[in-house]
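One structure is given below, encoded as structure tokens.
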Amino acid sequence: MPAEKRAGRARAQDADRHVGARMRARRIMLGLTQQQMAELIGVTYQQAHKYEKGINRVAAGRLYSIAQGLGVEVSYFFEGLQTAGGLVPSPHQRMLLNLVHNYLNIPLREHQAAIVALARALAEGENGDEPAA
């Protein structure tokens, strides 16, 4: 196989992995399991897993359905693709994903509201503003 075709396929696989990583990140942000994600988009757990790993390519119609199910535009899955050599979250992005994941696992809404209020107070205090009541 000529080198140009192999290089083109490598870029396609990189794009598939990037889209899959963005799917996984959004799923985690929403606090969904892979099983819940699979049910949401109408595929098996195994297929959802393969999409997230970039093993199987997501068809355009399916990607549209996934975007609707996850509450994002289709373009969300391609953000950062030009600069990504494989989506590796920065330490800051990883921390945000962990924060969202843990926040969504807090069972009491009052505790979630307290976390939001704390974050708001800390952010406003850092900016020199008066913390909100």
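Tabulated data for the structure shown
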quantity	calculated
Restricting the stretch 26-66 to residues that are within 12 Å of the chain's Cα centre (by Cα), in contact (Cβ under 8 Å) with a residue 24 or more places away in the chain and in a loop (DSSP other than H, G, I, E, B), the residue that is surrounded by the most Cβ atoms within 10 Å (Cβ to Cβ)	Leu30
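The rows are residues; the columns are (1) modelled with pLDDT under 85; (2) touching a Leu at 6+ places or on another chain (Cβ under 7 Å).
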site: Val74; (1), (2): no, yes
site: Gln82; (1), (2): yes, no
site: Pro91; (1), (2): yes, no
site: Arg94; (1), (2): yes, no
site: Pro107; (1), (2): no, no
site: Gln112; (1), (2): no, no
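The values are calculated or read from the model by the stated rules, or taken from the named source; none is laboratory data. Predicted, not measured: the structure shown is a model, and the values here were computed from it. Virtual Cβ from ideal backbone geometry, glycine too; neighbours counted across all protein chains shown.
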